[in-house]
1. Report Rg/Rh for region 10-70, rounded to two decimals, where Rg is the Cα radius of gyration and Rh the Kirkwood radius.
2. Starting from the Cα of Val6, step 7 Å along the direction of its Cβ; do the same at Phe149; then give the gap between the two resulting points in nm.
3. Out of residues 5 or more away from Ser66 or on other chains, whose amide H comes under 5 Å of its own, with H placed 1.01 Å from N in the peptide plane?
4. Work out how much length Asn56 to Lys40 would gain on full extension: take 0.36 nm times their residue separation and subtract the Cα-Cα distance, in nm to one decimal.
5. Once phi is turned into θ = phi - 60°, what whole-Hz ³J(HN,Hα) does the Karplus curve with 6.51, -1.76 and 1.60 give for every residue of region 79-88, x standing for Gly and Pro?
6. Of Tyr140, Tyr28, Tyr153, which is the most mobile in a GNM of the chain whose springs link Cα atoms less than 10 angstrom apart?
7. So which DSSP H runs in the chain come out at 18 Å plus along the axis (Cα) with average Kyte-Doolittle of at least 1.0?
8. Please report, in whole Å³, the volume per residue of the convex hull around the C-alpha atoms of the chain.
Amino acid sequence: MASLEVLITEQQIQDKVSELARRISQDYGDTPLLLVSVLKGSFMFLADLVRQLGPNTEIDFVQTSSYGDGTSSTGIVQIRKDLDISIEGRDVLIVEDILDTGLTLAHLRELLGTRRPRSLKVVTLLCKPEAARHGTQAEYVGFEIPDRFVVGYGLDHAERYRNLPYVAVLHEAV
Ligand code: PRP
């Protein structure tokens, strides 16, 4: 039987989302902003964040996959669902739930960068130390977390636990 150890409470997440939304609002002002949510994990963070941003905010979605055989990272990030709209000339903010190895973000930055956005930045709720070692950084980071397997608030284990309103470490029984 697996058990959950709460790492970041619902209140801590909501306070952090408000803080990030304030910083983003201050930085972009009335400039129209396009949020690009990376599915599936970022859906809950996106929903909470976007409700605290101004009326000049649009959203679109991408879905990526780096685990070709489902058991190990191939190191190659594939696009499973691309954006619906053009980002040329747009101010784009990628919305991620977590930077783990940083591979997904590195690939997305490169790919979206070729489409000539006016600016391209990243907000992530969670960031592990490994991501920095790959040279991948986000302009806005909610929480630096240790290298543990976390679920909740959008993050899953075999598609479970995404609906939890908090972030928890998953302990698998041995
Ligand atoms: C997770 C997460 C990020 C990515 C981070 O997505 O949502 O997009 O992995 O990992 P990385 O930094 O090592 O590239 P995942 O591929 O598990 O898909 P999901 O969001 O649909 O669960």
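Every read-out reported here was derived from the displayed coordinates using simple, explicitly stated rules and does not represent laboratory data. The shown structure was predicted, so the numbers you read here are calculated from the model rather than taken from an experiment. When we count neighbours, we look across all protein chains shown, and the Cβ atoms used for this are built from the backbone with ideal geometry, even at glycine.
1. Numbers: Rg = 13.5 Å, Rh = 12.8 Å.
Taking Rg over the Kirkwood Rh, I get 1.05.
2. Rounded to a tenth, the inter-label distance reads 2.3 nm.
3. Long-range HN contacts for Ser66: Gln78.
4. Numbers: separation 16, 0.36 × 16 = 5.76 nm, distance 2.38 nm.
Going from the current span to full extension adds 3.4 nm.
5. 8, 8, 9, 8, 4, 8, 10, 6, 10, 4
6. Tyr28
7. Details: long enough: 10-28 (27 Å, -1.32).
Span-like helices in the chain: none at all.
8. On the way: hull volume 19.8 nm³, N = 174.
Residue-normalised Cα hull volume stands at 114 Å³.
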